[in-house]
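Some notes on the structure that comes next.
The values are calculated or read from the model by the stated rules, or taken from the named source; none is laboratory data. Keep in mind the model is a prediction, meaning the values are calculated, not measured. With ideal geometry, Cβ positions are generated from the backbone for all residues, glycine too; neighbour counts draw on all protein chains shown. Heads up: the accessible areas ignore ligands, DNA and RNA and are worked out on the full protein's heavy atoms, side chains in. Shrake-Rupley method; radii C 1.70, N 1.55, O 1.52, S 1.80 Å.
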Amino acid sequence: YRCGAVVLAAGSGKRMGGSTKKQYLLMGGKPVLYYSLKAFEDSFIDEIVLVTGAEDISYCQQELVEKYGFTKVSRVTEGGKERYHSVVCGLTALSNCDYIFIHDGARPFVTGGILERCLTDATKYGACVAGMPVKDTIKIADAKGMIRETPDRNLVWMVQTPQVFDAPLIRSAYQKLLAEEEKLLQQGIHITDDAMVVETLMRHPVKLTEGSYQNIKITTPEDMRVAESFLAD
Ligand code: CTP
Ligand code: MG
């Protein structure tokens with residue numbers, strides 16, 4: 001199979017704060033974004049499109065792609081306002097392939113094993129996302145912070161990336177999302193991951209694939225300390 005990847009790094013990192021965007025913070029002397037590019041570069045993936053802010057394209061080209069010799073990165077392209085806009089930018093820049101891996105550049109601990117498990121499930125189910133069963137009990141609350149429901153913990157997963165799809169399926173899903181964007185916004189539906197687009201707009205089932213508890217997303221300052229400790233392992 002020909003496999004393509006969209007690595008997302010066009011966010012502004014509001015929850016992290018600080019003057020350097022979280023994907024460029026140094027971790028073990030290298031930018032956070034280096035680690036996921038390295039995992040994809042060293043894998044069976046054929047092509048990588050890196051999506052960043054317009055102001056960071058030349059930094060990414062020089063300080064990541066050229067400096068570390070990531071030969072699979074075919075394009076560094078500009079993202080959009082919301083994550084799903086950036087995904088669309090990435091899909092547009094990516095050439096034709098059989099399976100598309102969508103990955104958060106802020107998840108440095110993705111491994112070759114996770115990529116392989118995801119490809120296996122993508123070929124079997126057409127759509128899969130890395131995830132792990134939650135460790136804590138999860139509550140569903142109302143707007144006032146009162147508990148409404150306690151879902152069965154065995155059925156609750158936290159989802160990660162990569163999220164991997166049959167290429168025509170994910171391309172049609174995002175096309176449909178753009179066409180219905182206005183309607184979804186009015187319904188108060190917030191698109192936060194790729195599986196959601198495939199579930200809600202294509203009504204296509206999505207498999208949960210074993211990720212890892214180390215495959216965290218760098219989101220708030222304490223995550224950087226956790227990440228440094230994983231690197232030291
Ligand atoms: N992302 C993107 N384009 C956007 C928003 C997010 O490419 N318009 C990327 C981020 O760079 C990140 C991934 O999507 O790698 C997951 O998003 P998130 O963790 O929410 O990152 P940010 O949006 O940057 O952070 P925050 O929500 O705290 O502002
Ligand atoms: Mg965000």
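Of note:
- Conditions (1) under 30 Å from residue 12 (Cα atoms); (2) among the basic types (Lys, Arg); (3) surrounded by fewer than 20 Cβ atoms within 10 Å (Cβ to Cβ); (4) under 21 Å from the mean Cα position of the chain (by Cα): number failed by residue 124: (1)
- Scope region 11-22; condition open to solvent by less than 50 Å² (accessible area, probe 1.4 Å), of a type outside the set (A, V, I, L, M) and part of a loop (DSSP other than H, G, I, E, B); matching residues: 11, 13, 17, 21
- Residue, surrounded by the most Cβ atoms within 10 Å (Cβ to Cβ), within region 187-204, restricted to residues that are modelled with pLDDT of 95 or more, assigned to a loop (DSSP other than H, G, I, E, B) and more than 15 Å from ligand 1 (Cβ to nearest atom): 204
- Residue that is buried (at least 23 other Cβ atoms within 10 Å of the Cβ) and either at pLDDT below 95 or within 15 Å of ligand 1 (Cβ to nearest atom) (or both), where the choices are 8, 25: 8
- Test: residue in region 91-106 that is polar (S, T, N, Q) and more than 23 Å from residue 119 (Cβ to Cβ): no
- Among the residues here, residue 41 qualifies as within 26 Å of residue 210 (Cβ to Cβ), away from ligand 2 (no atom under 16 Å from the Cβ) and surrounded by fewer than 20 Cβ atoms within 10 Å (Cβ to Cβ).
- Subset of region 71-85 (residues that are touching a residue at least 24 places away in the same chain (Cβ under 8 Å), within 16 Å of ligand 2 (Cβ to nearest atom) and over 10 Å from residue 50 (Cα atoms)): 80, 82, 83, 84
- When we screen 176, 144, 207, 217 for residues that are open to solvent by 20 Å² or more (accessible area, probe 1.4 Å) and farther than 30 Å from residue 1 by Cα, the only hit is 144.
- Here is the figure for region 80-100: residues that are open to solvent by 20 Å² or more (accessible area, probe 1.4 Å) and near ligand 1 (Cβ under 10 Å from one of its atoms) total 7.
- Failed condition for residue 60, given (1) within 12 Å of ligand 1 (Cβ to nearest atom); (2) open to solvent by less than 10 Å² (accessible area, probe 1.4 Å); (3) within 13 Å of the chain's Cα centre (by Cα): (3)
- Scanning region 51-108 for residues being under 28 Å from residue 197 (Cα atoms) and part of a loop (DSSP other than H, G, I, E, B) gives a total of 15.
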